[in-house]
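The values are calculated or read from the model by the stated rules, or taken from the named source; none is laboratory data. Here the structure is a predicted model, which is why all the values come from computation and not from measurement. FYI the Cβ positions are ideal-geometry reconstructions off the backbone, even for glycines, and counts take in every protein chain you see. We work out accessible area using only protein heavy atoms, side chains counted, and drop any ligands, DNA or RNA first. Shrake-Rupley method; radii C 1.70, N 1.55, O 1.52, S 1.80 Å.
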Amino acid sequence: MASPKELSDFLKTVERRAFKQTAYAVRDDHAALDIVQDAMLKLAEKYGNNPVEELPMLFQRILQNTMRDYWRRQKVRNLWTTLLSSFGNNHEDNEDHDPLETIDVEDDSDEPSAQLERSQTVKIIESALEKLPARQREAFILRYWEEMDVAETAKIMGCSDGSVKTHCSRAVHALAVELKKQGLDNLGLSNLVLNNPSS
Amino acid sequence: MNIDDNTIKDKATNLSADEALAKSAARLLNDNAQHLSAVTLKKLDTARNQAVSQLAARQSAGVNQSGSVLQWFGHGSYFDQHKLVTISMLMGVVLITFFVAQQFNKALSPVVSYEENSDAFLLASELPPEAFADKGFDTWVVSKRD
C-alpha cells in the first residue's frame, strides 16, 4: 500500500511530464491541468492502496483514459458549438491576461544563444509531436519519454504488442521525417541533449 | 542475395537512426518539461496536495473502520443512526431465543422418560427387574393406585 508521502513523491516526479504530454495532446494548458488533476485524484481515490511500483503504469493509464474522456466531451461540445455558433459571440477577452503569469522559469546558467537554439528545436519537436495521430503520439510518449517497455505500453493503450510496435515505428518515422524537413538530424539533436546542463 | 542483405541492413540502420533521433527528441522534451511557468507549477502542486490529502483521509478512515467494536455504539454510531433496524434485530433475537428454549424443553421430556426405561433406572430401583416385566404386576399397581 502506498503511503501519502510515497504518493506525493511519485506525483512530484511525473506531474511536469504528465502536464506537458497532456498539453501536446489536448493543445490547451488549462484543460491539460484539469486532466492531470483529475488523473491524480482518481489515482489516489481508486488505487491508493496499490503498491508503489504499480503507480507509474496506473497513472499513465488513468491519464490516457481521462484524455479520451476529454476528447469525447469536446466532440459533443464542438457539435453544439457549431450548431449554435451563429448565436454566439467569438470575441476573445484578453484583458485579464498577465504575461508575468505565463513567463517560463528558464535556467539562466546557459548561453543565451544555446538556449534560443534549444527552445527553437523543442518547438519544432513539439509541433511535430502535435501533428502525429493520437495513438502514435501516445505510443511514442509511453515508449520513448516514459521509457516503458512494449508490454506495459500495450497494457496502458489497451492493444496488442504488435500494434504498439507499429504505432511506435510509424510515429518515429513520421517524427524523423518532420525533423529532417526542418534541418534537424540525430547528430544535431544529440549535441543539443549533450550540451544541455539539465540533462 | 547481396542486394537483399544490403536493403535489410539499410532499413535496420535507418530504423536505429530514427529511434536514436526519437530518444534524443524525448530527452529534449523531458528537459523542457522541467521549465514550467510558476502558475502551472503552483496549480500542479495544489492538485498533488489534494490527491495526497484525499489518500491520507481515506487511509485514516479505513483505520477507524477496523478500529474497535465500540464504534458501533454511542452517539452517531451505526446503531444510533439505524434505530428501527436495531430494534427489529433485537426483537428478532428475543423471539428466536424464546422459540429455541421451548423446543429445548419439549425435547427434554422424552429424554426423561427414556431415562425411566433405562438399565440404570431398573437396577437402581427398589423393585426387582422381573417386576417390570410381569404384566400382572402392572395391573396390580393400577388397582393399588385406584
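Counting, for every residue in B:52-61, the Cβ atoms of other protein chains within 10 Å of its Cβ and taking the mean gives 6. Of the heavy-atom accessible surface of segment A:1-81 (probe 1.4 angstrom), what whole percent is carbon and sulfur? That share works out to 52 percent. Across peptide A:159-172, the mean count of Cβ atoms from other chains lying within 10 Å of each residue's own Cβ comes to 1. With 22 Å as the limit, the listed pairs A:131/B:23; A:12/A:75; A:131/A:155; A:42/A:123 have A:12/A:75; A:131/A:155; A:42/A:123 beyond it between alpha carbons. Remark: spin-label model distance residue A:161-residue B:85 equals 5.0 nm, labels positioned 7 Å along the Cα→Cβ axis. Solvent exposure of segment A:1-81, expressed per residue, is 51 Å² of accessible area, with all protein chains present and a 1.4 angstrom probe.
Ranking of A:137, B:58 by solvent-accessible surface, largest first: B:58, A:137 (1.4 Å probe, protein heavy atoms only, all chains present).
Among A:17-30, B:130-143, the peptide with the highest mean count of other Cβ atoms within 10 Å heads the list, and the full ranking is A:17-30, B:130-143.
Between segment A:55-83 and segment A:1-34, the C-alpha centres lie 15 angstrom from each other.
Pairing chain B with chain A buries about 4200 Å² of accessible area. This figure sums both sides and uses a 1.4 Å probe. Amide H contacts under 5 Å for residue B:37: A:105, restricted to partners 5 or more places along the chain or on a different chain, H placed in the peptide plane at 1.01 Å from N. Relative to the Cα centre, the charge distribution of segment A:1-81, modelled as +1 at Lys and Arg Cβ and -1 at Asp and Glu Cβ, gives a dipole magnitude of about 380 debye.
Taking 0.36 nm per residue of sequence separation and removing the Cα-Cα distance, the residue B:145/residue B:34 pair yields an extension gain of 28.9 nm. Here the calculated FRET efficiency for residue A:81 and residue B:50, from their Cβ-Cβ distance with R0 = 30 Å, stands at 0.50, rounded to the nearest 0.05.
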